[in-house]
Amino acid sequence: MTNPQIDYAAMAAQWRAERETTLKATRAELLAQLRALGISEVTAEYEGYGDSGNVEDVTVQPAEVQLPEPLATEVGDFAWSLAYHHHPGFENNEGGYGTLTWDIALDSITLDHADRYVECSHSYDEGL
């Protein structure tokens, strides 16, 4: 039973606003670090299904720039958080997957996301 004193819509809106604030701060921190390394683009591939998931790969351009492992982990965490923010729960059941592409020079992110689903066609015939 739900508590009539709790405004769940307001709580959800507050959580969303808090996530947006955190994502903006993380984005600004990562942007400065990536620019300092001379990186022009970041691509992160993510996958989720069966109630879990992770970032499969993080690559950068120019390819000859080595992304330090701790920074690669932070970028992957940011990519996952941003995908989840825009597609909450995508890792459940059949899941979803996508690619985050971040143009570092323009600070522009493209999120190419797909959700998987099961489709059923059911019929019931009686007394044929």
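The values are calculated or read from the model by the stated rules, or taken from the named source; none is laboratory data. Only a predicted model underlies this, so the values are computations on that prediction, with no experimental measurement involved. Neighbour counts are summed over all protein chains in view; Cβ atoms, including those assigned to glycine, are modelled from backbone coordinates with ideal geometry. Remember, those area values only see protein heavy atoms, side chains included, never the ligands or the DNA or RNA. Shrake-Rupley method; radii C 1.70, N 1.55, O 1.52, S 1.80 Å.
Dividing the helix sum by the residues of the chain, where each DSSP H run of 4 or more adds -39500 (n - 2.57), gives a mean residue ellipticity at 222 nm of -13000 deg cm²/dmol. Against the longest principal axis of the chain, how steep is helix 8-36, in degrees 0 to 90 to the nearest 10, with axes from Cα atoms? Tilt relative to the chain: about 30 degrees. Under the combined filter of DSSP loop state and at most 16 neighbouring Cβ atoms within 10 Å, segment 81-128 retains these GluC sites (Glu not before Pro): 94, 119, 126. If you add up the charges near residue 81, with Lys and Arg at +1 and Asp and Glu at -1, over every other residue whose beta carbon is less than 11 angstrom from its beta carbon, what do you get? It works out to a net charge of -1. For the chain, carbon and sulfur atoms together expose 50% of the accessible surface, with a 1.4 angstrom probe and every protein chain in place. Just check the chain against the gyration tensor rule for me: Cα atoms, a ≥ b ≥ c as the square roots of the eigenvalues, rounded for a/c under 1.5, and otherwise prolate or oblate depending on whether a/b exceeds b/c. Note, shape of the chain comes out oblate.
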